[in-house]
Structure formats: structure tokens, C-alpha cells
1. Among the residues of the range 6-29 satisfying the criterion of being among the charged types (D, E, K, R) and surrounded by fewer than 16 Cβ atoms within 10 Å (Cβ to Cβ), which is farthest from G407 (Cα to Cα)?
2. Given the criteria within 30 Å of I179 (Cβ to Cβ), surrounded by 14 or more Cβ atoms within 10 Å (Cβ to Cβ) and away from ligand 2 (no atom under 16 Å from the Cβ), does T66 qualify?
3. Right, S253: closer than 21 Å to S446 by Cβ, out of contact with any Lys or Arg (no Cβ under 7 Å at 6 or more places or on another chain) and at pLDDT 95 or above or not?
4. For the range 128-153, name all the residues that are part of a helix (DSSP H, G or I) and surrounded by fewer than 17 Cβ atoms within 10 Å (Cβ to Cβ).
5. I'd like the full set of residues that are surrounded by fewer than 20 Cβ atoms within 10 Å (Cβ to Cβ) and part of a helix (DSSP H, G or I), limited to the range 223-240.
6. Taking the range 154-166 on its own, how many of its residues are outside any loop (DSSP other than H, G, I, E, B), more than 14 Å from ligand 2 (Cβ to nearest atom) and polar (S, T, N, Q)?
7. Within the range 207-222, is even one residue surrounded by fewer than 20 Cβ atoms within 10 Å (Cβ to Cβ), at pLDDT 95 or above and part of a loop (DSSP other than H, G, I, E, B)?
8. Pick from V344, V331, V409: which is touching a helix residue (DSSP H, G or I) at 6+ places or on another chain (Cβ under 6 Å) and either within 30 Å of A9 (Cβ to Cβ) or at pLDDT below 95 (or both)?
Amino acid sequence: MKPEHLKYALSEVPRYTSYPTAAQFGELGEAQYLQWLGELPADQPLSLYVHIPFCHEMCWYCGCHTTIVAGYDRVGAYFKTLMREVELLAKALPHKASISHLHFGGGTPTILSPEHFGAFMEHVGAHFTFLPHADLAVEMDPRTLTPEMVETLASAGINRASLGVQDFSPHVQANIHRIQPFYIVDRSVKWLRAAGINAINFDLMYGLPYQKPVDVQRTVKRALSLEPYRIAMFGYAHVPWFKKHMQVISDDSLPDTLERYEEAQLAADLIKQYGYEEIGFDHYAKPNDAMSMAARDGSLKRNFQGYTVDEADIMLGLGASSIGQMPQGYVQNAPKLNDWRETVEAGRLTVMRGLAINEEDRFIRAAIEKVMTDLALDMQDHCQAYGRSPDALDGALPKLQQLQTDGLVMLQDRKLTVIEPQGRRFLRSIAACFDQYWTPSKSKHSKAV
Ligand SMILES: C[S@@+](CC[C@H](N)C(=O)[O-])C[C@H]1O[C@@H](n2cnc3c(N)ncnc32)[C@H](O)[C@@H]1O
Ligand code: SF4
């Protein structure tokens, strides 16, 4: 990394999985949500996000919304409430909606029993209409995946699997409390493929405790030997003030900023050498994968799951803490399990927080999304497309000019282009120039690199 880039690497910036970001959410209740649902157009397909907030063991790096459970009682109870929530949501919609994407996230969605998972999918199918080529994706933990569950997933129509891999080095695995030898991932991939689930994604991580560039290199090579369709390479976000269990990870066990940059760039170079295309700042996909194609034709999107080919404007959330994205704004279900359960059991949707968005937010959101997905933005064209004066984005210019001086972007006649490869690593900092809410001093986000 060049010395002039260090200040960007050290700064904390949003990941822009939404704009405005969740930091701007305030109180927003069921009445508003019901009104927004009632206004949804009948002819637009929607995406569903289902959150399963349970795992059997805590990985020390985990930043996800999850609870550790020993037996199945709490998971089984959650399943029952989730079934009820599907009915409430379907009833609140003015029509039987079509589903283009369904994503199970967690926690560990495959903690559901095969019986419950199958019943849940049938229930969703009874209340909504799955479009013929709908993307039906599940995040799964290879350590606890079973052949029986894989069979159930395939029978239920699941066609995309996202496996948590992280790092294959035994010493890194010991230091993140996640022992997962290669054979466990290998066998999961084999089971999935044998069942016809070929679209397999891996989550890998850099910046983990005691992880060295050589560990990243070894992990990437071994992961690529299994030929996943897509790879997400996440930088470990160390936020011990927010996730107390991360306090087990001492600051001095973590790679410093320079090492993090080196690890991220090393992974990028290696994955590309194997023929994958680089998508945004943390994704890679085979050239014939829908995500690579979307990145090439400019249709790639970004939503709460990160980079996506999901073009639906409407994403509705099910389960505790789920976030929904609607034309009118964002909504979030009650994060606490008890609050969520009691509300749903009382026959109400649990939205408690959210944000109505205005025209200015939409205008900025689309600009930020373009930077994050296309690595370029014709600022003047963008203003014109939104009926604004050509200088409506000029407030970003002073910051962008500094980025240009530092060699991360090129600006010509209000045409912004990210300079590769270094600009890609700082994509979030580049996008932040357009953010009307973010101030560096108040930031409690993760590090830019
Ligand atoms: C819900 S988990 C995936 C499914 C399953 N629970 C598992 O771990 O195998 C989502 C992914 O987020 C990533 N992740 C979790 N905590 C993170 C953190 N603090 N910083 C960056 N990425 C993180 C990991 O790569 C993880 O695989
Ligand atoms: S990384 Fe996955 S398995 Fe580990 S605690 Fe987080 S959600 Fe659970």
C-alpha cells in the first residue's frame, strides 16, 4: 500500500449495503409498514430474506446476529413463529406476490431440521408464487451440514449454497474457535453437487487473528481447488464494543492495516489468476456466472446481502432482526427474539425501526450503488437521469479531488473512474464522498480495508 493510502485504510466507513445506512434508522412501527405493504404494486416480483438466528457454537470473529443454542427446543419454537409470520406477511399484501429471490441467512439456517425446512418451503410456496427460475439460496455451515439436509434442500428447490469456509489453516481455526478441516468443506461440496445444487459460493476471510498472508494464499488455493462459482472475501470487522465475544480476540493478535491490505490484494490477484472476475471490493465469480455477467452489463446491484444479481426493488424480511427494503424506505424487524416472538404470536408484524426515504436519498443511493458496482459514475448523466442540475453532485468534488491526488480515482468532466487495482480496495471510501449523513468522526463502522 502506498503511504498516501494509509489514511483511507485506517478510516471507518459504511459498507453501503443500503443508503442511507442502518445507522440512520429510527422508530418506525407496524402501521407504517402495513401501509407500505398495501401500496406495493401487484406486478412486481419480490425477494424474501429469512433470518435464522441460531448456531451451535460461537465463532469468535462472528459479527452476525445469532444466539448459541445447545438443543433444538428454541429452534423448533422459532420455526413455529416463523410459519405464523409468513401468514401475517402474505395477508398484509394486497395480492399473492411472486418471489424472484429467497435468501436464508443467519446464524445458520441449516440448523433447522430437514422436516421443518421442508415444511417452511411448502408454506412459503402456498402463500406466495415462486417464479420459475427463482434464485433460492441458503447460507450453510459445512461443519453441521448432513446428507439428509442436503437432500431436503434440493427437494425443496434450493439452487444456491453459500458455505462458510473462512480459513483452512489449523492455527487460524484454533484462534477463531472454528475447527473445520478441508475434508468437511470438500464433502459438503460433493453432497451438494450430487444433489444437483451446483451454484456454490464460499465465504473466506482475511484479517483474522494470527492469520498471515501465507495462510490466505494457502486457503484461497485450496478453496479454488473445489471450484466454487463465487467467492466472497470478507475483511474481518473487529467490533468488540458491539459484539462482546470478540473481546477474546486481542488487538495484538490481529494483522495490522498494511498486512490486511496485503492479504486482500494477494487474495484478489490469486483468485483472478484462476480465471475469476473481481466484483466490487469483496466478491469474485466465474466469468459465466450471473454475477460476472451482471457486473459486465451494468445490472449488478447491492443490497443487505452484499453484491447481488437480484433486481427486485422490494425485499421483505422474515425472522428476528431481518431488514426489508421497499420503494418507500427500509424496515427492520424486532432484533430481540422475545420481542419478535411475542409480537408475531399476537398476530402483528414486528417492524420497530426503519426509515422513510425521500427523492434526494434515492438520487444519492443510486449514485453510491453505481460507484460500488460499476466502479465508475458519470456524475452529470446521473444528475440528468434524476432531473437535477448538472452540478447537483458537485458537493462530493473536494473529497474526490483529494482521492484523485492520491491516485485512487480519475475525474474528467465530472466522469468518475476508479483506478485499479488500488481504488477497488477503497471503494467504500470513494462511495462515502457522496454520503450526505456520514461523518468520519462519529463513525462506528468497520475499517475500510
Ligand atoms: C451467517 S455466516 C455464514 C453461514 C454459517 N453461519 C457459517 O458461518 O458457516 C456469514 C458470513 O459472514 C462472515 N462474517 C461473520 N462475521 C464477520 C465479521 N466480523 N467480519 C467479516 N465477516 C464476517 C463470515 O465469512 C461468514 O461465513
Ligand atoms: S460465523 Fe456462522 S457459524 Fe459462526 S457464529 Fe457466526 S453465524 Fe454462527
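The values are calculated or read from the model by the stated rules, or taken from the named source; none is laboratory data. Predicted model, so just to flag it, every value in this text is computed and none were measured. Cβ atoms come from the backbone with ideal geometry, glycine included; neighbour counts cover every protein chain shown.
1. Here the residue is E27.
2. Judged against the criteria, T66 is not a match.
3. The answer is yes for S253.
4. P147, E148, E151
5. L224
6. 1
7. yes
8. V409
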